[in-house]
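Notes follow once the structure below has been shown.
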Amino acid sequence: AQTVTQSQPEMSVQEAETVTLSCTYDTSESDYYLFWYKQPPSRQMILVIRQEAYKQQNATENRFSVNFQKAAKSFSLKISDSQLGDAAMYFCAYRPDTGTASKLTFGTGTRLQVTL
Amino acid sequence: EAGVAQSPRYKIIEKRQSVAFWCNPISGHATLYWYQQILGQGPKLLIQFQNNGVVDDSQLPKDRFSAERLKGVDSTLKIQPAKLEDSAVYLCASSLGWRGELFFGEGSRLTVL
């Protein structure tokens with residue numbers, strides 16, 4: 001069974017600084033997708049960034065970037081120039097590329113606080 | 001573009017009572033998901049629909065939970081009878097297809113007393 005582990009229950013960063021959230025996963029599949037989702041206090045989950053396992057280049061979306069280490073099964077999220085609006089729960093998620101029934105599995109989340 | 005709509009936002013019931021949640025996905029999205037998010041945990045998939053057919057319900061407690069997606073659009077999730085451990089946020093999500101980005105609703109928070 002696939003598992004996703006986020007070992008940091010909480011993280012704190014000062015505004016304008018950089019923070020890295022960690023995620024590891026376990027799978028025997030070779031083709032899969034990895035995601036970071038953000039869940040603000042209003043609870044609506046939104047996609048932050050997505051990485052296809054077959055791509056060696058790390059995904060980047062504005063201030064958000066990932067460090068994808070396939071051999072180590074590691075997928076960390078770096079947030080640069082942190083803003084107050086970045087405060088939220090962040091979930092790492094994994095989805096195998098095995099067809100219609102492939103399931104999105106989430107980690108337990110990391111709560112990010114942004115301080116002035 | 002309208003997002004995923006869910007209702008009710010909050011529901012408080014006593015154990016052994018029944019409850020139903022409703023979800024209206026984004027127009028045109030073929031795939032619909034129900035997730036259960038217990039406090040302090042990540043969302044767990046309960047059931048996944050492709051149009052009006054069930055793709056995965058392996059983690060749905062079928063003795064008390066049921067879900068349907070009529071005409072491949074709206075969906076309802078029902079719990080009967082509810083247990084204390086069913087207290088959670090129930091998230092509905094939809095995507096164009098199984099490979100597409102998931103768009104989530106704001107969730108329905110259930111408290112079972």
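A dipole drawn for the protein assembly as shown from +1 and -1 charges on Cβ atoms has a positive end, and of B:Gln50, A:Leu112, A:Ala53 the residue lying farthest that way is B:Gln50.
Counted over the range B:5-112 with a bin width of 5 Å, the fraction of Cα pairs per bin, in whole percents, is 2, 14, 25, 27, 19, 9, 3, 0. Expressed as a fraction of 2.2 N^0.38 Å, the C-alpha radius of gyration for chain A is 1.03. Take every DSSP beta bridge whose two residues both sit in the range A:3-115; close to 85 percent of them are antiparallel.
Here A:Thr108 and A:Arg50 are evaluated by their C-beta separation; at R0 = 22 Å the FRET efficiency comes out at 0.65.
Of the beta bridges in chain B, as assigned by DSSP with both residues counted there, near 90 percent are antiparallel. Annotation for the range B:1-68 versus the range A:14-31: alpha-carbon center distance of 27 Å. Scanning chain A for trypsin sites (Lys or Arg not before Pro) lying in DSSP loops with no more than 14 further Cβ atoms inside 10 Å, the longest uninterrupted stretch between such sites is A:1-54.
Per-residue shielding of B:101-109, expressed as the average number of other chain Cβ atoms within 10 Å of the residue Cβ, stands at 4. I'd like the antiparallel share, as a percent to the nearest 5, of DSSP beta bridges with both residues in the protein assembly as shown. Bridges in the protein assembly as shown that DSSP calls antiparallel: roughly 90 percent. Estimated translational diffusion coefficient (Stokes-Einstein, Kirkwood radius over Cα pairs, 20 °C, 1.002 mPa s) of the protein assembly as shown: 118 µm² per second. Averaged over the residues of peptide B:38-46, the number of Cβ atoms from other protein chains lying within 10 Å of each residue's Cβ is 4.
Between A:Thr20, A:Ser30, A:Asn62, the Cα set farthest toward the positive side of the dipole of the protein assembly as shown (charges on each charged residue's Cβ, about the Cα centre) is that of A:Ser30. Computed on chain A, with alpha-carbon pairs under 8 angstrom and 6+ residues apart, the relative contact order is 37 percent.
Remark: the range B:5-112 carries a charge dipole of roughly 220 debye about the Cα centre, counting +1 on each Lys and Arg Cβ and -1 on each Asp and Glu Cβ.
Relative to the Cα centre, the charge distribution of the protein assembly as shown, modelled as +1 at Lys and Arg Cβ and -1 at Asp and Glu Cβ, gives a dipole magnitude of about 500 debye. About its Cα centre, chain A has a charge dipole of approximately 180 debye under the convention of +1 per Lys or Arg Cβ and -1 per Asp or Glu Cβ, with nothing else charged.
Just so you know, all these numbers are worked out from the coordinates, no wet-lab data involved. The structure displayed is predicted, hence computed values, not measured ones. Positions of Cβ are generated from backbone atoms using ideal geometry, with glycine treated the same way; all protein chains shown enter the neighbour counts.
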